[in-house]
């Protein structure tokens, strides 16, 4: 019996070792594939962009003076427009899309957007990780969100993809402010994230980040200019502007 037990244990160990080796092989294959993609990207970059004269992708079309306490709403006006070179973007244009990346798993993001079970569907993780930005949260919905937290109180879960802090998730707290990150201890925003779009789980524009309230070296609260108001300002300059196009 002791011999059989040892044989069974040895067999289990061998199977576990083989499974571990196979997992590492799969991981190595994925890494090698990623390296191939990066090499191709590097080659394309060197051939297409090494000449600095070819790096021009467009020009600033409108950049009004930054102003605060604008009109009755007293919002911060810090916007500008950039006209891209059609020849460089027309073929590849997909519209306004945010790449959710790999910082969070689909389950992590999905769980954050459903603090209350049985609530309406507000987020579906896209298979290609590219969330399309479409529409805008209105002034009325900002005042009374149509989603609820675990305590049954109206709330709006939002995301931001910033230059410094990457993709973060927070909660709209009113007054165009957003509390710190809902996943982990990282802040919702930091210096260098200014201008980042804040959006909800349905891809609706919520606001444009302009400042934060520091706490312990990072922004504990983030402040934004509401997207609905920023769009109104842009349409004063460009009456026929469209923000949901998927074709150039």
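Being without any contact (Cβ under 8 Å) to a residue 12 or more places away in the chain, touching a strand residue (DSSP E or B) at 6+ places or on another chain (Cβ under 8 Å) and either closer than 27 Å to residue 210 by Cβ or in a loop (DSSP other than H, G, I, E, B) (or both): is that true of residue 122 here? I'd like the intermediate steps shown before the answer.
Numbers: without any contact (Cβ under 8 Å) to a residue 12 or more places away in the chain: no; touching a strand residue (DSSP E or B) at 6+ places or on another chain (Cβ under 8 Å): yes; either closer than 27 Å to residue 210 by Cβ or in a loop (DSSP other than H, G, I, E, B) (or both): yes.
Considered against the rule, which asks whether it is without any contact (Cβ under 8 Å) to a residue 12 or more places away in the chain, touching a strand residue (DSSP E or B) at 6+ places or on another chain (Cβ under 8 Å) and either closer than 27 Å to residue 210 by Cβ or in a loop (DSSP other than H, G, I, E, B) (or both), residue 122 comes out as no.
Could you list, in sequence order, all residues of segment 35-62 that are surrounded by 11 or more Cβ atoms within 10 Å (Cβ to Cβ) and either touching a residue at least 12 places away in the same chain (Cβ under 8 Å) or assigned to a loop (DSSP other than H, G, I, E, B) (or both)?
57, 58, 61, 62
Answer yes if at least one residue in segment 80-95 is modelled with pLDDT of 85 or more, at positive phi and out of contact with any strand residue (DSSP E or B) (no Cβ under 6 Å at 6 or more places or on another chain), and no otherwise.
Scanning segment 80-95, I find at least one residue that is modelled with pLDDT of 85 or more, at positive phi and out of contact with any strand residue (DSSP E or B) (no Cβ under 6 Å at 6 or more places or on another chain), so the answer is yes.
Give the residues of segment 63-88 that are over 26 Å from the mean Cα position of the chain (by Cα) and not in a strand (DSSP E or B), sorted by residue number.
Applying the first criterion (over 26 Å from the mean Cα position of the chain (by Cα)) to segment 63-88 yields 64-65, 67-74, 87.
The answer is 64, 65, 71, 72, 73, 74, 87.
With the requirement that a residue be surrounded by 15 or more Cβ atoms within 10 Å (Cβ to Cβ) and under 16 Å from the mean Cα position of the chain (by Cα), what does segment 138-163 give you? Please lay out each step first, then the result.
Taking segment 138-163 as the starting set, the residues that turn out to be surrounded by 15 or more Cβ atoms within 10 Å (Cβ to Cβ) are 141-142, 145, 147-149, 155-162.
Across segment 138-163, the qualifying residues are 156, 157, 158, 159, 160, 161, 162.
Can you tell me which of (1) modelled with pLDDT of 85 or more; (2) in contact with a helix residue (DSSP H, G or I) (Cβ under 7 Å, 6 or more places away or on another chain) is the one residue 182 doesn't meet?
Evaluating residue 182 over (1) modelled with pLDDT of 85 or more; (2) in contact with a helix residue (DSSP H, G or I) (Cβ under 7 Å, 6 or more places away or on another chain) leaves (1) as the failure.
Check every one of the strands (runs of 3 or more DSSP E) wholly within segment 192-248 and list those with 3 or more residues that are under 13 Å from residue 137 (Cα atoms) and either touching a strand residue (DSSP E or B) at 6+ places or on another chain (Cβ under 7 Å) or modelled with pLDDT under 95 (or both). Lay out the reasoning, then the answer.
Values: elements: 197-200, 205-215, 218-226.
Hits in segment 192-248: 197-200, 205-215.
Looking at segment 219-244 only, could you name the residues that are touching a residue at least 40 places away in the same chain (Cβ under 8 Å) and either over 22 Å from the mean Cα position of the chain (by Cα) or exposed (fewer than 12 other Cβ atoms within 10 Å of the Cβ) (or both)? Give the derivation first.
At the first step, the residues of segment 219-244 found to be touching a residue at least 40 places away in the same chain (Cβ under 8 Å) are 220-231, 233-234, 237-238, 243-244.
Those that are touching a residue at least 40 places away in the same chain (Cβ under 8 Å) and either over 22 Å from the mean Cα position of the chain (by Cα) or exposed (fewer than 12 other Cβ atoms within 10 Å of the Cβ) (or both): 233, 234, 237, 238.
In this structure, does residue 60 turn out to be closer than 23 Å to residue 208 by Cβ and modelled with pLDDT of 90 or more?
Working: closer than 23 Å to residue 208 by Cβ: yes; modelled with pLDDT of 90 or more: yes.
Taking the combined requirement at face value, the residue satisfies it.
Say we look at segment 63-79 and pick out the residues that are in contact with a strand residue (DSSP E or B) (Cβ under 9 Å, 6 or more places away or on another chain) and more than 17 Å from residue 234 (Cβ to Cβ); which of these is surrounded by the fewest Cβ atoms within 10 Å (Cβ to Cβ)?
Filtering first and then ranking leaves 74.
The values are calculated or read from the model by the stated rules, or taken from the named source; none is laboratory data. Everything quoted here is computed from the prediction, not taken from an experiment. Here the Cβ is made from the backbone with ideal geometry for all residues, glycine too, and neighbour counts use every protein chain on show.
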